[in-house]
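Derivation of every value follows stated rules applied to the coordinates shown; laboratory data play no part. All figures in this text were calculated on a predicted structure; none of them were measured in a lab. As a convention, Cβ positions derive from the backbone with ideal geometry for all residues, glycine included, and neighbour counts pool all protein chains shown.
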Amino acid sequence: MTGTQRVAYDHAPPFGGPHDGVWATCTGVVYEDPIRSENAVHSLEHGAVWVTYDPEQVSGDSLATLEDKVDGVPYMMLSPYPGLETPISLQSWGRQLQLDDAQDERIDQFVAALRLNPNTYPEVGASCSTIPGSGFDPDNPPPFDPSEPGPDAVPMDGGGIEPDPSEVRSGGMQLPAQGGLPAEGGVPAQGQ
């Protein structure tokens, strides 16, 4: 994928699927502005947890709580995501947890269970650090586009794009396995 291509993600925020070739810096970065989903999804593939919040619903002490959970923590990132169905949503590769309260104990449980868990993401050992000149500057990240992707968007099955050889296993793009996707908005049931 190129840095301008969009993906027709089937969840917002997305938590897996085709993505940009450059990841969003996920070294405990607290982004002030929304970031491009295609970069964030690549970070999830590296084992990161992406904490998002609706800036219309989360501010003050609640936002400070989220920032404290993420700031400086490797393989974590926080960004606003306008228009969320719930005030807060956490994403890891193939998993999503939607919440109403920054004090919810499930935030810490989600992070403990899924951040850098080698059984839950494809690119074990991949970096979350910025690569200078890569096209992703954490101080000026590619912009979030809230509009619907156009007809030229990459579909969730990755059709129409050339897979990155470093991300292909058994002949295809690495996408979350259907059996590993949680129920709508939830954490997978035990044993999934």
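Annotations
- Nitroxide proxy distance, nm - points 7 Å out along Cα→Cβ at residue 157 and residue 100: 3.9
- Placed amide H near residue 7: partners under 5 Å, 5+ positions off or other chain: 154
- Segment 20-117 - Kirkwood radius from inverse mean 1/r over Cα pairs (Å): 13.0
- Chain lengthening between residue 71 and residue 85 when straightened (0.36 nm per residue, less Cα-Cα): 2.6 nm
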